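One structure is given here, and the rest of the page talks about it.
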Amino acid sequence: MNFDLSEDQALALDAWNRFLERDIAPKVAPYRDTYIEKSVAHELLGLTGQYGVGTGWVPEEEGGLGLDFVTSGLLYEALARVSPDLAGLCFVNEGAALKLQRLGRPDQKEKYLARLLAGELIGCSAISEPGAGSDVPNMTARAEKDGDTYRLYGEKQWISNSSIADLVIVVVGTGEKEFSMFLLDREKHDFSVREVDKLGLNGWSLGQIFLDGVIVTDEDRLGPPGEGLRESMKGFERSRAFISLVALGISRAAIDDAIAYAKERKAFGKPIAGHQLVQDMIAEMVTLHDASQLLVYRALSLLDKGGKHNQQAAIAKSFTTESVQRITSLAIQVYGAAGIARENGVERHFRNSRMLTIPDGTTQINRLVIGREVLGINAFR
Ligand SMILES: Cc1cc2nc3c(=O)[nH]c(=O)nc-3n(C[C@H](O)[C@H](O)[C@H](O)COP(=O)(O)OP(=O)(O)OC[C@H]3O[C@@H](n4cnc5c(N)ncnc54)[C@H](O)[C@@H]3O)c2cc1C
C-alpha cells in the first residue's frame, strides 16, 4: 500500500490549503455558535465546489469533478481542520447530489443536479426518526395513497442541513417493510423544520423535519419504488469514511494548537514542551492521529478499488471517532485551565469531536459490523 501523494494531489492540496486559510476561514469564523446561514452556505458551496469539495463524487459527464475517493478525502480532511461544520454541510449536499445522479430520472437531474453542484440549491437526506436511529427499519414516517397523490406523515430527526436545505431526499414507508424515497422541494412542498440546539458542530445545521400530510406524486419519487432503504444503505461505507475524515481534521487542529501552546507556555523555568509528561501527551495524540489516518486512507483506497469493504470502513469510523475524543481531551490538558476557556477555542475541538461517534453508525453499531464480518454471525438483533 502506497500513500505517497501524486504530483496532482500535492498541487491540488496545496492550492486548496491556501484557499482555505485565505478565503474560507474568515467566512466561517462567525458561525461557531450558530449554523452557517443559508445565503452564506450557498456562497461557500459555490466556492468549494470549484475545488472538488461538494462536486467530486459526481462523474464529469454529469457535471461533477469525478475525483477518486482518496483525493476527495484529502480535500475534506483539510477542510475539516479549518471548519468541520462546513465539511459536514458540503458532504451532506454532495451525498444528495450523488443520490440524484445515481437514481434520478433525466427530468429530475435536469431540474436539480447542476444547481446542487453549483451550490445554488442545498440538499439533505432524511432517514432517522425519533423512534428509529440505529434501528432504521423501525421507521414509521409513511406515504398514504390519496387518489393520484400520496400524503406524507411523520417526523424526521437529526437531519443535517435541514434548516438550510432546498431539497430533502426523504425515506418513508410505502408498504409492509417497504420504503421509498421522495424528493421534497421547498418551493413546491409544504413541510416545516426545527433546528436543534446541540453540544458541538454548531455551524452544522441539524434538525427535525415535520411531515404533516405533505402532498407528493409519483413525479416526486426518487429511484425505484420500495428500494428507498436499500439505496440509502449503499452510501454507508462512504459516509463512515467521511465522518472519519472530519475526525482527522479536528484531531489535526487540536494537535497543532497543543504543540504551539506547549512551546510557548512556560512552567518551572522552561516551555512546558520540555517537560517529559507533556511530551508524553503530545506523543499519544500524534500516535492516535497517525493510526487513524492510516485506517481512513486504507478505507478510501479500498472504496476506489470498488467492491464491499464494510469492515474496513467500520474500523476506520469507530477507531478515529473514539480516538479524536482522547486527542482533543489531551489538547485541553496541555493547555491547563486555558483549555477550558471558550475564548481560547480548544474546548470547541473537544465538543465537536464528541458529536462524531453517533452519526453513520454509532461506535457500537460499527463494532457489530466488524464483529459480523469477522465472525460471520449477525448480532444486531
Ligand atoms: C452530527 C449528526 C448528523 C446526523 N445527520 C443525519 C442525517 O443527515 N440524516 C439522518 O437521517 N440522520 C442523521 N443523523 C442521525 C444518526 O444517523 C443517528 O443519530 C444514529 O443512527 C443513531 O441513532 P440514535 O441517535 O437514535 O441512537 P439509538 O439508535 O437510539 O442508540 C442509542 C444507543 O444504543 C446503542 N445501540 C442501539 N442499537 C444497538 C445494538 N443493536 N447493539 C448495541 N448497542 C446498540 C447505540 O450505539 C447508542 O449508544 C445524524 C446524527 C448526528 C449526531
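The values are calculated or read from the model by the stated rules, or taken from the named source; none is laboratory data. Note that the structure is predicted; figures quoted are calculated from it, not measured. Don't worry about glycine lacking a Cβ; one is built from the backbone with ideal geometry, like all the others, and counts go over all protein chains shown. For the accessible areas, the whole protein counts, side chains as well, though only heavy atoms, and no ligand, DNA or RNA atoms are used. Shrake-Rupley method; radii C 1.70, N 1.55, O 1.52, S 1.80 Å.
In this structure, is PHE91 crowded, with 20+ Cβ neighbours inside 10 Å, closer than 17 Å to ARG238 by Cβ, among the aromatic types (Phe, Trp, Tyr) and more than 16 Å from the ligand (Cβ to nearest atom)? So PHE91 does not fit the description; no.
When LYS263 is tested against (1) on the phi > 0 side of the Ramachandran plot; (2) open to solvent by 70 Å² or more (accessible area, probe 1.4 Å), exactly one condition is not met: (1).
Among the residues of the stretch 329-365, those that are part of a helix (DSSP H, G or I) and either under 30 Å from MET233 (Cα atoms) or within 16 Å of the ligand (Cβ to nearest atom) (or both) comprise ARG348, HIS349, PHE350, ARG351, ASN352, SER353, ARG354, THR363, GLN364, ILE365. LYS317: over 30 Å from LEU368 (Cβ atoms) and of a type in the set (Lys, Arg), yes or no? Spelling it out, it is not the case that LYS317 is over 30 Å from LEU368 (Cβ atoms) and of a type in the set (Lys, Arg). Annotation note: Cβ proximity below 6 Å between a residue of the stretch 174-200 that is modelled with pLDDT of 95 or more and a residue that is open to solvent by less than 60 Å² (accessible area, probe 1.4 Å) and of a type in the set (Asp, Glu) (sequence gap 6+ or interchain) occurs for PHE182/ASP220; LEU183/ASP220; ARG186/ASP166. Residues in the stretch 339-357 that are in contact (Cβ under 8 Å) with a residue 12 or more places away in the chain and either closer than 15 Å to SER318 by Cα or open to solvent by 30 Å² or more (accessible area, probe 1.4 Å) (or both): ARG348, PHE350, ARG351, SER353, ARG354, MET355, LEU356, THR357. In the set GLY274, GLY376, GLY371, only one residue is out of contact with any strand residue (DSSP E or B) (no Cβ under 7 Å at 6 or more places or on another chain), among the small types (Gly, Ala, Ser), at positive phi and without any contact (Cβ under 8 Å) to a residue 24 or more places away in the chain; that residue is GLY376. Out of (1) modelled with pLDDT of 95 or more; (2) under 15 Å from the mean Cα position of the chain (by Cα); (3) within 11 Å of the ligand (Cβ to nearest atom); (4) open to solvent by less than 20 Å² (accessible area, probe 1.4 Å), what's the single condition that is false for GLY203? It is condition (3) that GLY203 fails. Any chance the stretch 65-87 includes a residue that's without any contact (Cβ under 8 Å) to a residue 24 or more places away in the chain and within 16 Å of the ligand (Cβ to nearest atom)? For the stretch 65-87, residues without any contact (Cβ under 8 Å) to a residue 24 or more places away in the chain and within 16 Å of the ligand (Cβ to nearest atom): absent.
Identify the residue in the stretch 280-329 that is out of contact with any Lys or Arg (no Cβ under 9 Å at 6 or more places or on another chain) and among the small types (Gly, Ala, Ser) and, among all such residues, is modelled with the lowest pLDDT. If we take residues in the stretch 280-329 being out of contact with any Lys or Arg (no Cβ under 9 Å at 6 or more places or on another chain) and among the small types (Gly, Ala, Ser), then GLY307 is modelled with the lowest pLDDT. From HIS309, HIS289, grab the single residue that is closer than 17 Å to SER239 by Cβ, surrounded by 15 or more Cβ atoms within 10 Å (Cβ to Cβ) and touching a residue at least 12 places away in the same chain (Cβ under 8 Å). The unique qualifying residue is HIS309.
Among residues that are within 30 Å of ALA247 (Cα to Cα) and crowded, with 17+ Cβ neighbours inside 10 Å, GLU120 is not included.
So, of the residues in the stretch 218-230 that are in a helix (DSSP H, G or I) and either open to solvent by 20 Å² or more (accessible area, probe 1.4 Å) or of a type in the set (A, V, I, L, M, F, W, C) (or both), which turns out to be nearest to ASP135 (Cα to Cα)? Give the steps one after another, and end with the answer.
Taking the stretch 218-230 as the starting set, the residues that turn out to be in a helix (DSSP H, G or I) are 218-220, 228-230.
Applying the additional criterion that residues be either open to solvent by 20 Å² or more (accessible area, probe 1.4 Å) or of a type in the set (A, V, I, L, M, F, W, C) (or both) yields 218-219, 229-230.
Working: ASP218: 27, GLU219: 29, LEU229: 12, ARG230: 14 Å.
The qualifying residue nearest to ASP135 (Cα to Cα) is LEU229.
Return only the number of the condition from (1) surrounded by fewer than 20 Cβ atoms within 10 Å (Cβ to Cβ); (2) over 30 Å from GLN9 (Cβ atoms) that GLU129 does not satisfy. With respect to (1) surrounded by fewer than 20 Cβ atoms within 10 Å (Cβ to Cβ); (2) over 30 Å from GLN9 (Cβ atoms), GLU129 is out only on (1).
Look through ARG194, ARG252, ARG238 and report the one residue that is closer than 28 Å to ASP85 by Cβ and exposed (fewer than 14 other Cβ atoms within 10 Å of the Cβ).
Details: ARG252 fails: exposed (fewer than 14 other Cβ atoms within 10 Å of the Cβ); ARG238 fails: exposed (fewer than 14 other Cβ atoms within 10 Å of the Cβ).
Going through ARG194, ARG252, ARG238 in turn, just one is closer than 28 Å to ASP85 by Cβ and exposed (fewer than 14 other Cβ atoms within 10 Å of the Cβ): ARG194.
Looking at the stretch 6-67, the helices (runs of 4 or more DSSP H) lying wholly inside it that each contain 3 or more residues that are under 18 Å from the mean Cα position of the chain (by Cα) and surrounded by 16 or more Cβ atoms within 10 Å (Cβ to Cβ) sit at 38-49.
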